Amino acid sequence: MKKLNYLFITLLTITAMAFTSCDDDAETLPPTITVTPNVNNDYKLGNEVTYNIVVGSNEKLKTFTVNATPAGADGTGVVSTLPANVLTNGEFEKNTNAATITYKYVIPSNLAANADVKIEFSVSDKGSVPATKTESFKVKEAVTKYTAVLMGAQQNGKEGSYLEVSTKTVMKMADAAQNSEKVDIIFYYGSTNEATLVAPSDVTVDGTTDGSLDLAKNLTVKNETKLKKSELTSEQFDAINSDAKLKAITGLNGTIVNKLAVNDVIEFETAKGVKGLIKVVKVEAGTNGSITLDIIIPNNAKPAA
């Protein structure tokens, strides 16, 4: 009988130890975290990118933290949770075992193109070490910069006078006549106007009025590109790496800018709605002269079909 009791007690002890061991194993299970970037994320300077984070645990969730390098711009942070309002200042409400979190990171506009961004998401519960997931990306410029775009004046036999800004394509008169819908800007050098950029619709190039040139006479489509000299300096133009300055271009009414000189900056908006900036790099005077331009347009500017 004593032997049976002893065996019974031993069995109970082993069973208790087994359950205790299982409990200990359960306590050491880390929480789970899954991070999914929004499919529409566009990693350009100044843009907002979002992530969907699903967290869970067999214990009660405790904290949710994010460590971003570099830190996000104003507006970065948790946007929403499901269930609603289960997360306050990085701490979960009591009795929360699972949640879905929407997080927004605002890319600083002062970062360099191709800069690396790393965002570490971490969740902890009451019984184990935190679980982490890291997302990273390279920053893309929000603008396209074309440099040293060379255009010839009206009697320059080598360089064309017709420009499609979205592709920096420079055309001579015959090509322009065949692709008039693509011509955004025409260059000429006048005795009074000197170095001049005009829209194909401008009267100074329609060839029908006294003193006008016939540069646009054979264009079937005469695009009404709007142009204006900007208050931006050459240095400010060179420093642009986001599309904020382009988006701010409004109220353009003119179709001509003249007497252009080196370091002048011009705002424009094409008939297709492409907003951009031009800087004058070099001017060779005369009707057989030329002009060299730097051009900034948004990355999403589409070439003419």
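Only the coordinates and a few stated rules stand behind these numbers; no lab work does. None of the values given here were measured: they were computed from a predicted structure. Counting neighbours? That spans all protein chains shown, and the Cβs are built from the backbone with ideal geometry, glycine included.
Key figures
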read-out	value
Length released on extending from T147 to T34, taking residue separation times 0.36 nm less the Cα-Cα span	36.3 nm
Contour minus Cα-Cα distance for V262 and D74 (0.36 nm per residue)	64.0 nm
Nearest-0.05 FRET efficiency for Y43 and T233, computed from C-beta distance (R0 25 Å)	0.30
On Cα atoms only, tilt of 2-28 relative to the major axis of the chain in degrees	10 degrees
Cα centre as origin, Lys/Arg/Asp/Glu Cβ charges: region 191-268 dipole, Debye	180 debye
Sum of side-chain charges, K182 neighbourhood, beta-carbon under 10 Å (Lys, Arg +1; Asp, Glu -1)	-3
Total formal charge among the other residues, if their Cβ is under 12 angstrom from that of N241, Lys/Arg +1 and Asp/Glu -1	+1
Theoretical ellipticity at 222 nm over the chain - DSSP helices of four or more residues, -39500 (n - 2.57) apiece, nearest 500	-4000 deg cm²/dmol
Amide hydrogen neighbours beyond the local backbone of V79, cut-off 5 Å, H modeled	T102, Y103, K104
Point-to-point label distance, T209-A174, nm (Cα→Cβ direction, 7 Å offset)	3.1 nm
Links that overshoot a 22 Å alpha carbon limit, given the list K118/K245; K104/K275; K44/K245	K118/K245; K104/K275
Under Karplus coefficients 6.51, -1.76 and 1.60, residue-wise ³J(HN,Hα) of region 41-48 in Hz, glycine/proline x	4, 10, 7, 9, 3, x, 7, 9
Estimated vicinal HN-Hα couplings, Hz - region 282-292 in sequence order (Karplus 6.51, -1.76, 1.60; Gly, Pro = x)	7, 10, 9, 5, x, 5, 10, x, 7, 9, 10
Those residues of region 279-295 whose amide nitrogen sits under 20 Å from the label point placed on K158, 7 Å along Cα→Cβ	281-294
By average C-beta atoms within 10 angstrom, highest first, the peptides 118-127, 201-210, 238-247	118-127, 238-247, 201-210
16 Å Cα-Cα reach of K272 towards lysines, excluding residues that sit fewer than 8 places from it in its own chain	K168, K182, K222, K226, K247, K302
